[in-house]
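*Asks:* Structure below; questions to follow.
Derivation of every value follows stated rules applied to the coordinates shown; laboratory data play no part. Every value quoted in this text rests on a predicted model; they were computed, and no experiment measured them. Don't worry about glycine lacking a Cβ; one is built from the backbone with ideal geometry, like all the others, and counts go over all protein chains shown.
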Amino acid sequence: MDPPEGWKYGFPKPAPEGVDPAEFGKNENMDKWLAENGYPQALIDLYRGRVRCRVGEY
């Protein structure tokens, strides 16, 4: 998972194992995970809960 400007906060980081991608991709789940993993709440708020993350093999 690689959110905008994520490199400043230690991203990309692997998505949690064993989660349903459809459920994880819902904004509230993604926002919570990003905040728990060091992504600033101010940036989450800036994107109005619609942070788009690049997903792939890193």
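*Asks:* Please compute one quarter of the surface area of the Cα convex hull for the stretch 6-46 and express it in square nanometres.
*Replies:* 2.9
*Asks:* A further question follows. Relative to the Cα centre, what is the charge dipole magnitude of the stretch 6-46, using +1 at the beta carbon of each Lys and Arg, -1 at the beta carbon of each Asp and Glu, and rounding to the nearest 20 debye?
*Replies:* 220
*Asks:* If packing is taken as the average count of other Cβ atoms within 10 Å, what order do 7-16, 31-40 fall into, highest mean first?
*Replies:* With the highest mean Cβ count within 10 Å placed first, the list reads 31-40, 7-16.
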